[in-house]
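The values are calculated or read from the model by the stated rules, or taken from the named source; none is laboratory data. Values in this document were obtained by computation on a predicted structure and should not be read as measured data. We place every Cβ from the backbone using ideal geometry, glycine too, and count neighbours over all the protein chains shown. Calculation scope for accessible area: heavy atoms of the full protein, side chains included, ligands and nucleic acids excluded. Shrake-Rupley method; radii C 1.70, N 1.55, O 1.52, S 1.80 Å.
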Amino acid sequence: MNMKAVNSMNYEEFIDLFGNAVEKCPLIAAAIWSKRPFTTVVDLETSIFEFIDSLPQTGKEGILRCHPDLAGRELQSGTLTADSQQEQGQAGLTSLSQEEQEKLQHQNSRYKLKFGFPFVICARLNNKSKILQELTARIQNQPQQELHNGIEEVKKICHLRLQNIHW
Ligand SMILES: NC(=O)N[C@H]1NC(=O)NC1=O
């Protein structure tokens, strides 16, 4: 990535490029624009992660709540973001059997009911059976642990999205 070009962007351009580095949270790109200049992509990524870590619990929960369910309503209706569509496709979630889909949706609902935010996992680093396995295991955790786990997955998703940006 050409950091000189990134550093000379106005905030509109910057938000256009990095606004979905964290799913449906352009506020994060808008906030860290103030941290320019960035020396490397890793430096930019560090600013994003520090911003996320600085949020109160409600803010972190809010970030998780901006994520679509895996194999959920938005996937069925074709309204996922391009990033999420690609990630869910790579994990095999766009070609589930009826039974697999029902199982995932059932567990997703149970998870949301227990924690008040959706189950988030970096789909590109997993496949459909691993995702279901993790969901079944993580549903047993305490809320604080799951908030932490979800946010760590958001960071992995963000890392891969930043690697994927070319313009
Ligand atoms: N719920 C959830 O994990 N969603 C996300 N995971 C991922 O890799 N892309 C997403 O949109």
Give me the angle, in degrees from 0 to 90, between the Cα long axis of helix 41-54 and the longest principal axis of the Cα atoms of the chain, rounded to the nearest 10. 60 degrees
Counting only protein heavy atoms, what percent of the accessible surface of the chain is carbon or sulfur at a 1.4 Å probe? 51 percent
May I ask you to list the lysines whose Cα is less than 17 Å away from that of Lys128, ignoring any residue fewer than eight positions away on the same chain? Lys103
Scoring the chain by relative contact order with C-alpha pairs under 8 Å, at least six apart, yields a percentage of 24 percent
For Asp69, distant residues with modelled amide H under 5 Å away: Glu74
Between Glu45, Glu23, Glu99, where does the largest GNM mean-square fluctuation fall for the chain, given springs only between Cα atoms within less than 10 Å? Glu99
At 1.4 Å probe size, with every protein chain present, just tell me what the per residue accessible area of the chain comes to in Å². 53 Å²
Calculate the length of the line joining the C-alpha centroid of region 94-132 to that of region 14-35, in whole Å. 27 Å
Stretch Thr58-Met3 to full length: gain in nm at 0.36 nm per residue minus the Cα-Cα span? 16.6 nm
Tilt of helix 98-115 relative to the longest C-alpha principal axis of the chain, in degrees (0 to 90, nearest 10)? 70 degrees
Work out the FRET efficiency for Thr81 and Lys103 from their Cβ-Cβ distance, taking R0 = 25 Å, and round it to the nearest 0.05. 0.55
Sequence gap at least 6, Cα distance under 8 Å: using those rules, report the relative contact order of region 3-61 to the nearest whole percent. 29 percent
Karplus (6.51, -1.76, 1.60) ³J(HN,Hα), θ = phi - 60°, over region 10-22, in Hz, Gly and Pro reported as x: 6, 5, 5, 5, 4, 5, 4, 7, 10, x, 10, 4, 10
